[in-house]
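Data block below; observations after.
The values are calculated or read from the model by the stated rules, or taken from the named source; none is laboratory data. Source: prediction; values computed, not measured. Counting neighbours? That spans all protein chains shown, and the Cβs are built from the backbone with ideal geometry, glycine included. Side chains are part of the model used for accessible areas, which takes the heavy atoms of the whole protein and leaves out ligands, DNA and RNA. Shrake-Rupley method; radii C 1.70, N 1.55, O 1.52, S 1.80 Å.
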There are 2 protein chains.
Amino acid sequence: MYSYPRALRKLIAELEKLPGIGTHTATRLAFHLLDKSQQEIEELAGALTGFKKNISFCSKCHNMAEEDPCQICSSSERDQSLLCVVESPRDVIAMEKTGEYKGLYHVLRGLISPLDDVGPEDLALANFRERLQELQVQEVIIATDPSTEGDATALYLKKILQGSDIKITRLAQGLPAGGDLEYADEVTLSRALSGRSEIKYD
Amino acid sequence: MYSYPRALRKLIAELEKLPGIGTHTATRLAFHLLDKSQQEIEELAGALTGFKKNISFCSKCHNMAEEDPCQICSSSERDQSLLCVVESPRDVIAMEKTGEYKGLYHVLRGLISPLDDVGPEDLALANFRERLQELQVQEVIIATDPSTEGDATALYLKKILQGSDIKITRLAQGLPAGGDLEYADEVTLSRALSGRSEIKYD
């Protein structure tokens, strides 16, 4: 049967490998690119081939960084006694966006997930104990996702810290801001209930 | 404020230029690619830079082709007296998929759209009259979209053909197969009504 030229089919096949991009989207993207100048395409291709080489990871917190140690680890304005443990560099960005957190981070670059064959040894925890001592951490905030994997990882971190005098906390679970109680799922609602806070009288 | 390394931001910015891809999707794609090997990324980049060079257009029907004239134009099994006018190479694929059409194509590579500053002179029509004569076309099937642009283009083609003895037809408009009359919009329904066909008694 008649079909697209080979070079176009190859591009569509490559684009289809990306997550969330099916044949239709890949075809649409390929046709979009066909209308672009070779220079614009080269820029995209250049950004693709170059980006991995230019990204390194901080040897202390394992976050993505342009220098080592990273901007956050080497900042003197950060509270060295507070360590927030997150799954990925994206979570660091999310935390930073709040503008509320002034401590340091530890990026696990994964969560414990037996189904995906990811164990504690696959997480960036080799220098974790060492960091706790070096920084004289007072509190570890576990900011892993409120999922099975996040819970498993939180439990494992608790086990590591057991016996030390470091305080452990976990991000609150409950109704999201602007959310609708009526549409909240049972797990969220029961967690919001058990984590309810008292309103003091004036 | 703290943000992603420069190389990653550059890639996200490049991906965001693609249609239907916003900051969130672009970030997700970039992180997905970060987990891939450099070789896999190079393959995608290679497909991108190479594909435009390897795609040419048929000088007769203006469809995308690997050789000139294209597979369809040079086929002896095609009905040379039937010419289907479509907007883009994607429409050729759609028509071919039906397995019903055995004539030739003429790909306009655009539709008349005054709002987007696209006039008849921007369509691939330079050799249209010449082709009609050369092929001794009996019928021109106008298969442009059932949109304002498609209608305008159909009208223009009608004007070109005026006075010749070539039959002009346009694809039927009506309810899509598997569609629901209840949910059909008024325009579709009124076109389905005016284009109704008689059911003959046995």
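Does A:D145 fit the bill of being of a type in the set (D, E) and closer than 21 Å to A:V187 by Cβ?
On the way: of a type in the set (D, E): yes; closer than 21 Å to A:V187 by Cβ: yes.
For A:D145, the condition - of a type in the set (D, E) and closer than 21 Å to A:V187 by Cβ - is met.
Of everything in region A:1-10 that's surrounded by fewer than 17 Cβ atoms within 10 Å (Cβ to Cβ) and either out of contact with any helix residue (DSSP H, G or I) (no Cβ under 9 Å at 6 or more places or on another chain) or in a helix (DSSP H, G or I) (or both), which residue is nearest to the other protein chains (Cβ to nearest Cβ)?
Of the residues in region A:1-10, the ones surrounded by fewer than 17 Cβ atoms within 10 Å (Cβ to Cβ) are A:1-3, A:6, A:9.
Still in the list and also either out of contact with any helix residue (DSSP H, G or I) (no Cβ under 9 Å at 6 or more places or on another chain) or in a helix (DSSP H, G or I) (or both): A:6, A:9.
Numbers: A:R6: 6, A:R9: 9 Å.
Only one residue fits best here, namely A:R6.
Taken together, A:T148, A:T98 contain a single residue that is modelled with pLDDT under 90 and among the polar types (S, T, N, Q), which is A:T98.
Kindly establish whether B:A154 is open to solvent by less than 30 Å² (accessible area, probe 1.4 Å) and in a loop (DSSP other than H, G, I, E, B). Before the answer, list the steps.
Numbers: open to solvent by less than 30 Å² (accessible area, probe 1.4 Å): yes; in a loop (DSSP other than H, G, I, E, B): no.
Spelling it out, it is not the case that B:A154 is open to solvent by less than 30 Å² (accessible area, probe 1.4 Å) and in a loop (DSSP other than H, G, I, E, B).
Please enumerate the residues belonging to region B:44-79 that are open to solvent by 70 Å² or more (accessible area, probe 1.4 Å), within 8 Å of another protein chain (Cβ to nearest Cβ) and either in contact (Cβ under 8 Å) with a residue 60 or more places away in the chain or under 30 Å from A:G50 (Cα atoms) (or both). Correct list: B:K53, B:N54.
Quick one: how many residues across region B:11-29 are farther than 14 Å from A:E40 by Cβ and either out of contact with any Ser or Thr (no Cβ under 6 Å at 6 or more places or on another chain) or not in a helix (DSSP H, G or I) (or both)? Break it down into steps so the answer makes sense when it comes.
The first filter runs over region B:11-29 and keeps only residues farther than 14 Å from A:E40 by Cβ, leaving B:11-12, B:20-29.
Keeping just the survivors that are either out of contact with any Ser or Thr (no Cβ under 6 Å at 6 or more places or on another chain) or not in a helix (DSSP H, G or I) (or both) gives B:11, B:20-29.
Matching residues across region B:11-29 total 11.
Of the residues making up region A:71-95, those that are assigned to a loop (DSSP other than H, G, I, E, B), closer than 18 Å to B:Y4 by Cβ and modelled with pLDDT of 90 or more number 6. If you go through region B:171-202 and keep only what is over 23 Å from the mean Cα position of the chain (by Cα), among the hydrophobic types (A, V, I, L, M, F, W, C) and closer than 17 Å to B:D151 by Cα, you end up with just B:A192.
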